[in-house]
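The values are calculated or read from the model by the stated rules, or taken from the named source; none is laboratory data. All figures in this text were calculated on a predicted structure; none of them were measured in a lab. Note that each Cβ is placed from the backbone with ideal geometry, even for glycine, and that neighbours are counted across all protein chains shown. What goes into the accessible areas is simple: the full protein's heavy atoms, side chains included, and nothing from ligands, DNA or RNA. Shrake-Rupley method; radii C 1.70, N 1.55, O 1.52, S 1.80 Å.
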Amino acid sequence: GGLIQLPALFAAFPQAPHTTLLGTGKLAGFAGTTSAIARFIRHVRLDWRLLLPAASGAFVASLGGAWLATQVSPERFRALVPLMLSLVLAYTLAHRDLGREHRPRDLGRHERLLAAGTAGVIGLYDGFFGPGTGSLLVFLFVRVFGLDFLHASASAKIVNAATNAAAFILFGLTGELYWLLGLAMSACNIVGAQFG
């Protein structure tokens, strides 16, 4: 979603502050991910012992990432966008065969700390920029915690909702968002999440 949505916002509003566009995108992303969660939760059993530490770590780190984004000049941030999008696209295309088997690992204190820390790193990235976060989270849940693609996708939505909420809150407090556009995008994200 972010690989399409964020570049479209930057292309449509070349003079807008990057924090406005990031915040508007996070509003729409939060709506889509929470809508997908509502659908997934009816069909997939989630391991909350893994997800609560991961979502908490990601939420806090996403606040930090969003704050970092507010500290970067708009010119420098816009110059970074094509590079960051190219890296995320290359990563996404290289990891299309994830999660064929569901073999969750036993969870102890170490694994919960690992979930909080690694999701926190991804959350920092999501707060700062964001496209590809869902794919990174799926990769984390498949490779590190042994979930299949369906369970990893559902788990990624929980964590991604936390990162989107954190960044949306910070951007909403520090700048102007395009509320009408964000709400219209939210409606489209909800429809897409339900069909997806």
field: Positive-end extreme of charge dipole, the chain - chosen from Ala119, Leu89, Leu68 (charges on Cβ)
entry: Ala119
query: For the pair Val121 and Arg143, how long in nm is the line joining their label points, each one 7 Å along Cα→Cβ?
result: 0.9
task: Rounded to the nearest 500, what is the 222 nm mean residue ellipticity of the chain from helices alone, with -39500 (n - 2.57) per DSSP H run of 4+ residues and division by all residues?
output: -26500 deg cm²/dmol
- line: With every protein chain kept in place and a 1.4 Å probe, the chain has an accessible area per residue in Å² of 51
- line: Simple spin-label estimate for Ile4/Ala187, 7 Å along Cα→Cβ, in nm, reads 1.8
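What trypsin sites (Lys or Arg not before Pro) does the stretch 101-196 have in DSSP loop regions with at most 15 other beta carbons within 10 Å?
Working: sites: Arg105, Arg109, Arg112, Arg143, Lys157; in loops: Arg105.
Sparse-neighbourhood loop trypsin sites (Lys or Arg not before Pro): Arg105.
Mind putting a number on the dipole of the chain about its Cα centre? Charges go on the C-beta only, +1 for Lys and Arg and -1 for Asp and Glu, and I need it in Debye to the nearest 20.
Around 360 debye, computed over the chain.
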- request: Treating each Cα of the chain as an identical point scatterer and ignoring solvent, apply the Debye formula and state log10 I(q)/I(0) at q = 0.07, 0.10 Å⁻¹.
  value: -0.18, -0.38
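Counting only protein heavy atoms and a 1.4 Å probe, tell me what percentage of the chain's accessible area is made up of carbon and sulfur.
That share works out to 66 percent.
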message: Given the options Ile37, Leu181, Leu147, identify the residue whose Cα lies farthest towards the positive end of the charge dipole of the chain (+1 on Cβ of Lys, Arg; -1 on Cβ of Asp, Glu).
response: Leu147
